1. Of the residues Val29, Val34, which is closer than 30 Å to Ile111 by Cα and surrounded by fewer than 13 Cβ atoms within 10 Å (Cβ to Cβ)?
2. I need the full set of residues from segment 100-145 which are hydrophobic (A, V, I, L, M, F, W, C) and at pLDDT 70 or above, in order please.
3. Would you mind finding the one in Arg60, Arg96 that is at pLDDT 90 or above, surrounded by 12 or more Cβ atoms within 10 Å (Cβ to Cβ) and within 18 Å of Phe4 (Cα to Cα)?
4. Can you name the helices (runs of 4 or more DSSP H) wholly within segment 1-89 that have at least 2 residues being β-branched (Val, Ile, Thr) and touching a helix residue (DSSP H, G or I) at 6+ places or on another chain (Cβ under 7 Å)?
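The values are calculated or read from the model by the stated rules, or taken from the named source; none is laboratory data. Keep in mind that this is a model prediction, so the values were computed, not measured. Cβ: placed from backbone, ideal geometry, glycine included. Neighbour counts: every protein chain shown.
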Amino acid sequence: MDEFKNVIEQLIGLFKQLTKIEQVKLNAVAGKHVGTVEDCVTQQQALLLKLRGLEQARERAQKKAGYEGLQFRQILESVSDNEREELFPLFDGLSREIQMFREVNESSNEILRTHLHSIDKTLRKKTGNTYNGEGKSETGVRHMTSRRV
């Protein structure tokens, strides 16, 4: 059980790091600091690899503790009161850190999409080209009306 709790604590720390980097990325995206955004993405990629390793360690530790395939809520329902008192703050803390990361990530992605749309619009004005969903350039003007019936 101690190994399982240790992995959860490491996951909490990792999500705190990811959230800090995502916050820096959010500010960089808002300020159009491309170099900083690239640095943040590189740092996040390394942490995501670490996250995959920790997730595998969590699964192993959870299996070893006899809780294979159970969600945290189910684990809390099946443990003693003492263990519940130890695990609940960890599960709650991890849940909060994941939620904070998601919120900052969504904000960052929304601003990034807005900037990309603006860049695409500017390029279309300058070149007359548009880009389809696959990123391929399409020349020619599309009409708002269809000749098909």
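1. Unique residue meeting the criteria: Val34.
2. Residues satisfying the conditions are Met100, Phe101, Val104, Ile111, Leu112, Leu116, Ile119, Leu123.
3. Arg60
4. The helices (runs of 4 or more DSSP H) meeting that bar are 2-30, 34-64.
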